[in-house]
Amino acid sequence: MTSTAEITDTSRALRPHAEQTHADELSALAAADTRTRPQGWRLSPHAVVDYLLGTTLEDGTEITPKYIGARRIAETAVATLATDRALLLLGVPGTAKTWLSEHLAAAVCGDSTLLVQGTAGTSEEAVRYGWNYARLLAEGPSEAALVPGPVMNAMSRGTLARVEELTRMPSEVQDGLITVLSEKSLPVPELGTEVQAGRGFNLIATANDRDRGVNDLSSALRRRFNTVVLPVPDTAEEEVDIVTRRVDQLGRSLQLPEVATSLTEIRRVVTVFRELRAGATEDGSAKVKSPSGTLSTAEAISVVTNGIALSAHFGDGQLRPADIAAGIQGAVVQDRISDGVAWREYLETVARDRDGWDEFYRACREVGA
């Protein structure tokens, strides 16, 4: 079994936390940052936005962009965290909500790990606190028997907590956050005490547009959040840029063999996804059926990364249409009947006659045979 001490070596971690991966950039920004910092923050709000969007410091240090999108969206999110209102990042799947949440926490407080993952089975203990039941039975309620959750820890330390997929959590668990966000305190009635939030505490939550109606937020809880909607990339070029950057980062992180990544194939994946999402070709000349899946930017990144692995281990080291065909079909065809019809129609009416897509068309037909 690998010990905690062993995995603190980030070079061995499969996916280091943002504050570990970008430690040098955060240190350089902190050293150059002369603006006012809210209490408990590692960087000023302006420097946090620079970290998110990328910049070049006066000493020549390059800060790589973590989020590609409108600057005003990043500024609004960061400004919210400097107030007494929590931040809700809302958007369709694959719009970088979790990614932005992690990097915000890394830049603001240097710790993105105080995380509650929302699911249908998330209990109130995950949001508030639990107990070491062996000690509870032996000693009764005591501070030593108390097991604080991520939100309680963030309150005690005056840092940020993160809640992923807020609307996936049962309504009664969601409402456990109301006192935390309104009173900035968390009662512990078993001990007759409470935990008061230190300065610098706030909460970032994410929610999926597609989950409306699953466990909608109560009006009381929604009022405690400032909602920032993360849009899908406006243009194909913007989406290609995002996919290219993330594929490169993932390839290095996963230590995949070097592959001559073809921008043509990345652009092809993005084009297919955007046209199927929109229900029409980019030039507007033909309408196509949209499948049931989201076909998000995150899925495009996954398709290209998988294609690189195929090319590296089973191909000729050059990303080709055959390497991405199976991944695209797997992303598009979630329902074998309805999505299968939409995908076959797209291949026959769009891909087959498009210039330069012959090899891609044949590869997709072979996969679907």
| said: Criterion first (buried (at least 18 other Cβ atoms within 10 Å of the Cβ) and modelled with pLDDT of 95 or more) does Leu29 satisfy it? | reply: yes
| request: Would you mention how many residues in segment 318-339 are in contact (Cβ under 8 Å) with a residue 12 or more places away in the chain and over 16 Å from Ser296 (Cα atoms)? | output: 10
| said: among the aliphatic types (A, V, I, L, M), touching a helix residue (DSSP H, G or I) at 6+ places or on another chain (Cβ under 7 Å) and under 30 Å from Ile242 (Cα atoms): which single residue out of Leu186, Leu177, Leu203 fits that description? | reply: Leu203
| field | Residues of segment 304-320 classified as within 14 Å of Phe360 (Cβ to Cβ) and either open to solvent by less than 10 Å² (accessible area, probe 1.4 Å) or in contact with a strand residue (DSSP E or B) (Cβ under 8 Å, 6 or more places away or on another chain) (or both), total | value | 3
| note | When segment 38-59 is checked residue by residue, the ones that are open to solvent by 20 Å² or more (accessible area, probe 1.4 Å), within 13 Å of Ala28 (Cα to Cα) and within 19 Å of the chain's Cα centre (by Cα) are Asp50, Gly54
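Can you list the helices (runs of 4 or more DSSP H) lying wholly within segment 289-347 that have 1 or more residues being closer than 18 Å to Ala278 by Cβ and in contact with a His (Cβ under 7 Å, 6 or more places away or on another chain)?
Once the helices (runs of 4 or more DSSP H) in segment 289-347 are filtered for at least 1 residues that are closer than 18 Å to Ala278 by Cβ and in contact with a His (Cβ under 7 Å, 6 or more places away or on another chain), nothing remains.
Give the residues of segment 234-286 that are part of a loop (DSSP other than H, G, I, E, B) and of a type in the set (A, V, I, L, M), sorted by residue number.
Scanning segment 234-286 gives Leu254, Leu256, Val259, Ala286.
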| Among (1) open to solvent by less than 90 Å² (accessible area, probe 1.4 Å); (2) out of contact with any Lys or Arg (no Cβ under 6 Å at 6 or more places or on another chain), the one test that Ala342 misses | (2)
| Before we move on, is Glu194 among the acidic types (Asp, Glu) and touching a Leu at 6+ places or on another chain (Cβ under 7 Å)? | yes
| message | Out of everything in segment 238-266 that is of a type in the set (Lys, Arg) and in contact (Cβ under 8 Å) with a residue 12 or more places away in the chain, what residue ends up being surrounded by the most Cβ atoms within 10 Å (Cβ to Cβ)? | response | Arg246
| task | Would you check if Arg12 is open to solvent by 50 Å² or more (accessible area, probe 1.4 Å), at pLDDT 95 or above and assigned by TED's automatic domain parsing to the domain that holds Ala107? | result | no
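The values are calculated or read from the model by the stated rules, or taken from the named source; none is laboratory data. Computed from a predicted model, the values in this text were never measured in an experiment. No Cβ is skipped: glycine too gets one built from the backbone with ideal geometry, and neighbour counts run over all protein chains shown. The accessibility values were calculated without ligands, DNA or RNA, using every heavy atom of the protein model including side chains. Shrake-Rupley method; radii C 1.70, N 1.55, O 1.52, S 1.80 Å.
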